[in-house]
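Right, one structure below, let's go through it.
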Amino acid sequence: MRGIGGSTAERELQDIRPWRVPAASIERNEIAERIEKARRFTRDIGSGALLIGAGPSLRYFTSVPWKASERLVAMLLPVRGVPIVIAPKFELGTLEASLSIEADVRLWEEDESPSEVVAGALREHGVGAVAVDPAMAFMFVERIAKAAPSMSMVGASPVVDRCRMYKSPAELALIQQAMSMTLEIQRRVARILHSGIRPSEVRRFLDEAHRAIGAPSGSEFALVQFGRASAYPHGLPGDCPLSEGDIVLIDTGCVIEGYHSDITRTYVFGEPTDEQRRIWMLEHQAQAAAFEAVQPGRPCEEVDAAARATLEAAGLGPDYQLPGLPHRTGHGIGLSIHEPAYLVRGDRTPLMPGMCFSNEPMIVIPDRFGVRLEDHLYVTESGAAWFTDPSPSIDAPFG
């Protein structure tokens, strides 16, 4: 098997160099454009303000990279007026270090109610209806509703998704860097495999290698599945060692300035059986069919249908039946690893330039093995383009 085994973790880590030409950070003027777009979309749904909680969307609109916690951190964006950022007072210095918009910062002490701060700001701006971040925890929504009982609340998905689904050239460049880095790590991890290596050892290498190449937080996730474990999309418990003839399925990614990568490679440690070869090639063909189905204006669900048609023609499925494809063909990606829209039946969101998706029509042979080839694409004016080239063959998975 070309590119499988023959090296060590130590040797590969020594050879990795930090990424030479990092993509540019998102500039302040792009953040400002996002704010104005969000105002327009908020008006379109009849709301007077948009409320965004800590997490990927707060980063998108303010550059503040904080994750959600039990403390309310939020941006209240009135359709007119300066954005208001609500945060714990003791976090002010950290907040100011990352905040990239002009904002009215309103702070609350530990014994005060941040919900009352939000409610007061809504009253000041005469807001009758507020669009609420769909990812905001229910406990915050409930508390704000009690603090502002006359306020009408609606979901902000029509605002948030319309902004975040369509990536700018700067966003595409950051995603491209993350994807290219992870593909290089996928190549290198294949070289360290040997009989008896355990998934935990491989995961440790993936994390160290991602850090070495320039991903500050290492591997954002690492699924390492050998043999029978590959028949379960997210694996099985345990740390069973690799044996000759095992399917190897490795799914991993990193984060660059908030933007995710997510690449899966599947191959065999040793000589593939005829059945392993056949299923691998069917997976390759289904991935190609999904890619070819991407055209601006077509609904997302047609991409999923194209992959399933390929598998059903070969006798797999139908639908989600096994042996076959047990989950959707793909998901959106960006500041969240899974985000709208989705390549699945029922999602009729039109494909449009700038949208980014995984393409991973996994085949599962129950209780025996699975094959998932996952690369990501972005929609162009004329079809689709790959961030990373698909795996060429089971015998030379990295060319």
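This table checks each residue for (1) out of contact with any strand residue (DSSP E or B) (no Cβ under 9 Å at 6 or more places or on another chain); (2) in a loop (DSSP other than H, G, I, E, B).
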site: V224; (1), (2): no, no
site: A229; (1), (2): no, no
site: P233; (1), (2): no, yes
site: D239; (1), (2): yes, yes
site: S243; (1), (2): no, yes
site: V248; (1), (2): no, no
site: D251; (1), (2): no, no
site: L282; (1), (2): no, no
site: P318; (1), (2): no, yes
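If the requirement is being in contact with a Ser or Thr (Cβ under 9 Å, 6 or more places away or on another chain) and buried (at least 19 other Cβ atoms within 10 Å of the Cβ), which of these qualifies: V224, V202?
Working: V202 fails: in contact with a Ser or Thr (Cβ under 9 Å, 6 or more places away or on another chain).
None of the others qualify; the one that does is V224.
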Odd one out for V118, checked against (1) part of a helix (DSSP H, G or I); (2) free of Cβ contacts under 8 Å to residues at least 60 places away in the same chain: (2)
Selected residue (criterion: surrounded by the most Cβ atoms within 10 Å (Cβ to Cβ)) from residues of region 287-332 that are of a type in the set (V, I, T) and without any contact (Cβ under 8 Å) to a residue 60 or more places away in the chain: V303
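Determine, yes or no, whether A68 is crowded, with 17+ Cβ neighbours inside 10 Å, out of contact with any Lys or Arg (no Cβ under 9 Å at 6 or more places or on another chain) and closer than 24 Å to L335 by Cα.
yes
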Cross-chain or 6+ apart pairs with Cβ under 6 Å, region 59-81 first and within 17 Å of V118 (Cα to Cα), then buried (at least 17 other Cβ atoms within 10 Å of the Cβ) and polar (S, T, N, Q): M75/T62; V79/T42
Neighbours by Cβ (under 7 Å, 6+ apart or cross-chain): first from region 260-286, in contact (Cβ under 8 Å) with a residue 24 or more places away in the chain; second part of a loop (DSSP other than H, G, I, E, B) and of a type in the set (S, T, N, Q): I263/T388; R265/S391
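Answer with yes or no whether F221 is among the aromatic types (F, W, Y) and not assigned by TED's automatic domain parsing to the domain that holds I84.
yes
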Filtered residues of region 8-60 (kept if more than 23 Å from the chain's Cα centre (by Cα), surrounded by 14 or more Cβ atoms within 10 Å (Cβ to Cβ) and within 23 Å of M179 (Cα to Cα)): A9, E12, L13, I16
Conditions (1) over 19 Å from A178 (Cβ atoms); (2) crowded, with 24+ Cβ neighbours inside 10 Å; number of the one not met by F357: (1)
Members of region 7-40 that are in contact with a strand residue (DSSP E or B) (Cβ under 8 Å, 6 or more places away or on another chain) and among the hydrophobic types (A, V, I, L, M, F, W, C): A23, I35, A38
Any hit, region 367-379, residues being more than 19 Å from R265 (Cα to Cα) and in a loop (DSSP other than H, G, I, E, B): yes
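Taking the options A32, A38, A74, A68, name whichever one is touching a Gly at 6+ places or on another chain (Cβ under 9 Å) and either over 30 Å from I213 (Cα atoms) or outside the structural domain of A119 (by TED's automatic domain parsing) (or both). Break it down stepwise before answering.
Numbers: A32 fails: touching a Gly at 6+ places or on another chain (Cβ under 9 Å); A38 fails: touching a Gly at 6+ places or on another chain (Cβ under 9 Å); A68 fails: either over 30 Å from I213 (Cα atoms) or outside the structural domain of A119 (by TED's automatic domain parsing) (or both).
The unique qualifying residue is A74.
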Unmet requirement for L335, which otherwise passes all of (1) surrounded by 22 or more Cβ atoms within 10 Å (Cβ to Cβ); (2) within 22 Å of R164 (Cα to Cα); (3) in contact with a Ser or Thr (Cβ under 7 Å, 6 or more places away or on another chain): (3)
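The values are calculated or read from the model by the stated rules, or taken from the named source; none is laboratory data. From a predicted model like this one, the values you see are computed outputs, not experimental measurements. Ideal geometry is used to build each Cβ from the backbone, glycine not excepted, and the neighbour counts take in all protein chains shown.
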